[in-house]
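This report refers to the structure that appears directly beneath it.
The values are calculated or read from the model by the stated rules, or taken from the named source; none is laboratory data. Predicted, not measured: the structure shown is a model, and the values here were computed from it. Heads up, the Cβs are rebuilt from the backbone with ideal geometry, glycines too, and the neighbour counts pull from every protein chain shown. Accessible surface areas use protein heavy atoms only, side chains included; no ligands, DNA or RNA. Shrake-Rupley method; radii C 1.70, N 1.55, O 1.52, S 1.80 Å.
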Amino acid sequence: MGDKIESKKLADKAGVSTVPGFLGVIKDVAHAKKISGEIGYPVMLKASAGGGGKGMRIARNESEVQEGFERSQSEAKSSFGDDRMFIEKYIEQPRHIEIQVIADRHGNTLYLNERECSIQRRHQKVIEEAPSPFLDEKTRKAMGEQAVALAKAVNYVSAGTVEFIVDTKRNFYFLEMNTRLQVEHPVTELITGLDLVELMIRVACNEKLPLKQSDVKIDGWAIESRVYAEDPYRNFLPSTGRLTRYIAPQETANVRVDTGVYEGGEIGVFYDPMIAKLCSYGKDRKEATAHMRAALDAYYIRGVSHNIPFLASVLGKKKFESGDLSTNFIAEEYPQGFSDKDLPADDPTKLLAVAAVVHNTFARRAANVSGQMAGRARKLPTEWVVAVKDAEGNYSETPVKIESEVEGGTVLVNGREVDVTTGWRPGQPLFTAVVDGRAVTVQVDRKGIGYRLFHAGSQLDLLVYTRREAELARLMPNKPPPDLSKYLLSPMPGLLVSLAVKEGQEVKAGEALAIVEAMKMENVLKAERDATVKKIHQKAGDSLAVDQMILEFG
Ligand code: ADP
């Protein structure tokens, strides 16, 4: 079943509905074009040995087959040592819904409900949940029974997953069977109360499954977020480096963290960049989502880029909230890629109040320990100005006034009263508080004389001034950022596989310039605008650091 072509043939034989396509190995580009034409565009080019979304590409016309086929094939060869490819129809607006099965050696095969894994990027799952907000009882049963029929047809024993894609009319088609425990299995465990690993071990020991199909229930809702070392602001390019600080959220009945990393550990280039699987559980989808959002706020990772802001953004989208998912969710919700603008609009007043309390606490400590004011009780100002930096580097100022400072305090932000209750002390990276009656967690980093706050995925750079300081700060010159558009910089650490251009060559916007490989993925770097290549600084085979200059435009 590990082979996509063979398993599709078997599924077909077992009466499982499969994606229309060509059930055989595609020989070359010409063959791929012929078959694609017969199936009808769009089509999906797939590596038979593929996994994790690798070696797979959509082609909407012949020239995309031309471009995609060989690249997928070479990716398949380098990742799986097997370059056999096949082609099937691309199902539009599909949802990815999979059935967990478990089978013993005594003829018992059960389905343990479904997981929906439609939130994907580059065909790789990012957020999964169980149950699916889309399935009705009838479809669940039909999919479950087909999954069991397939497992039985191949005499499958142990835990496995039968993956389907489901179209907007709830037609479902077999994709592949994963003959192993999957990354997203915790969401099934959370809603069924079963320990899949325990069941696998029991089955492997020849025991009978201790339950029947009618014992399998759905209790509550579970969500899993895959926390990756990658840069969501740079098209999710993998990130590497040392985890200089790492604090995972507290595990509770509503939060589970599966991970193997630790503070001081290194995220290297040789493996998949997953840091952890963060799962939440609630009595319904809304509650599970709320727990997930709180857990993301409390997940403190420094030293490598990570996708927590992106995960927070996805959970805040209206379409996610309403369960209106498809595998195009990310492409459709983030047409320009992910940016700060996609972050859920949180009440900024509350964050400004938090900034005021943070700064007041620091200032008070400084006044107490420095001894500079010995003999004279230093009086701290109660009125401050919070200057928040925007994307263009300009500051917007808001006056704040500390009205009381008992365990946090009451802060007037632009005249509006905000009540902050906290036991936070300087040096603690997580500012946990009750702000106007609601529990919030804000991550606090000191940046020079300012602060960087993180909350609900968004990041706020700010300074807290006295009124006099604010007046003087306005007189300081603003340093414009350097112009980097003249250079092609490596967006990630990796290997320069090849250069597609020569010195002196003119290139058009969108033209390929170089291929950089990292974490087993080939990334084509393209020209952002028309330009002439002036000088090339690297050669194929060179190792690149992030932001290392590859070439210069004239
Ligand atoms: P992998 O083994 O790499 O995970 P799958 O065959 O499970 O590959 O496919 C991964 C994802 O790619 C699916 O969840 C789905 O989003 C998408 N996909 C695969 N085949 C098709 C298809 N024929 N039409 C539309 N989407 C597809």
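Here's a check for you: in region 38-79, which residue that is hydrophobic (A, V, I, L, M, F, W, C), outside any helix (DSSP H, G or I) and open to solvent by 20 Å² or more (accessible area, probe 1.4 Å) is modelled with the highest pLDDT? Only one residue fits best here, namely ILE58. Here SER458 fulfils each of the conditions (1) open to solvent by 40 Å² or more (accessible area, probe 1.4 Å); (2) of a type in the set (S, T, N, Q); (3) within 25 Å of ILE267 (Cα to Cα) apart from (1).
The single condition from (1) open to solvent by less than 30 Å² (accessible area, probe 1.4 Å); (2) touching a Ser or Thr at 6+ places or on another chain (Cβ under 8 Å); (3) closer than 25 Å to LEU10 by Cβ; (4) within 13 Å of the ligand (Cβ to nearest atom) that ILE91 fails is (2).
Taken together, the criteria place VAL197 among residues that are of a type in the set (A, V, I, L, M), touching a residue at least 12 places away in the same chain (Cβ under 8 Å) and open to solvent by 30 Å² or more (accessible area, probe 1.4 Å).
With respect to the conditions (1) on the phi > 0 side of the Ramachandran plot; (2) surrounded by 15 or more Cβ atoms within 10 Å (Cβ to Cβ), GLY504 lacks only one, and its number is (2). Residues in region 200-227 that are more than 29 Å from the chain's Cα centre (by Cα) and over 13 Å from TYR111 (Cβ atoms): ILE201, ARG202, VAL203, ALA204, CYS205, ASN206, GLU207, LYS208, PRO210. Across region 141-184, the qualifying residues are those that are in a helix (DSSP H, G or I) and touching an Asp or Glu at 6+ places or on another chain (Cβ under 8 Å), and the one among them that is farthest from the ligand (Cβ to nearest atom) is GLY144. Residues that are part of a loop (DSSP other than H, G, I, E, B) and acidic (Asp, Glu) within region 229-265 comprise GLU251, GLU263, listed in sequence order. Being touching a residue at least 60 places away in the same chain (Cβ under 8 Å) and either open to solvent by 20 Å² or more (accessible area, probe 1.4 Å) or not in a strand (DSSP E or B) (or both): is that true of ILE97 here? No; evaluated as a whole, the condition is false for this residue.
Being of a type in the set (A, V, I, L, M, F, W, C) and assigned to a strand (DSSP E or B) is the filter; apply it to region 114-134 and report the residue that is farthest from the ligand (Cβ to nearest atom).
Just the residues of region 114-134 that are of a type in the set (A, V, I, L, M, F, W, C), to begin with: 117, 119, 126-127, 130, 134.
This time we only want the ones that are assigned to a strand (DSSP E or B), so: 117, 119, 126-127, 130.
Working: CYS117: 6, ILE119: 10, VAL126: 11, ILE127: 13, ALA130: 15 Å.
Going through the qualifying residues, I end up with ALA130.
Of the residues contained in region 442-449, one or more are found to be at pLDDT below 95, within 31 Å of the chain's Cα centre (by Cα), of a type in the set (Lys, Arg) and not in a loop (DSSP other than H, G, I, E, B). Among the residues making up region 216-228, those that are open to solvent by less than 40 Å² (accessible area, probe 1.4 Å) and either at pLDDT below 95 or in a strand (DSSP E or B) (or both) are ALA222, ILE223, GLU224, SER225, ARG226, VAL227, TYR228. Which one is farthest from the chain's Cα centre (by Cα), of the residues in region 252-275 that are surrounded by fewer than 22 Cβ atoms within 10 Å (Cβ to Cβ) and under 17 Å from ILE308 (Cβ atoms)? The qualifying residue farthest from the chain's Cα centre (by Cα) is GLU263.
Considering every residue within region 42-50, establish whether at least one is over 31 Å from the mean Cα position of the chain (by Cα), among the hydrophobic types (A, V, I, L, M, F, W, C) and within 12 Å of the ligand (Cβ to nearest atom).
Quick first cut of region 42-50, residues over 31 Å from the mean Cα position of the chain (by Cα) only: none.
No, region 42-50 contains no residue that is over 31 Å from the mean Cα position of the chain (by Cα), among the hydrophobic types (A, V, I, L, M, F, W, C) and within 12 Å of the ligand (Cβ to nearest atom).
Of everything in region 310-319 that's in a helix (DSSP H, G or I) and surrounded by fewer than 22 Cβ atoms within 10 Å (Cβ to Cβ), which residue is nearest to the ligand (Cβ to nearest atom)?
Taking region 310-319 first, the residues in a helix (DSSP H, G or I) are 310-316, 318-319.
From what's left, surrounded by fewer than 22 Cβ atoms within 10 Å (Cβ to Cβ): 316, 318-319.
Details: GLY316: 22, LYS318: 22, LYS319: 16 Å.
So the residue we want is LYS319.
All told, ASP3 falls short of being more than 14 Å from the ligand (Cβ to nearest atom) and free of Cβ contacts under 8 Å to residues at least 60 places away in the same chain.
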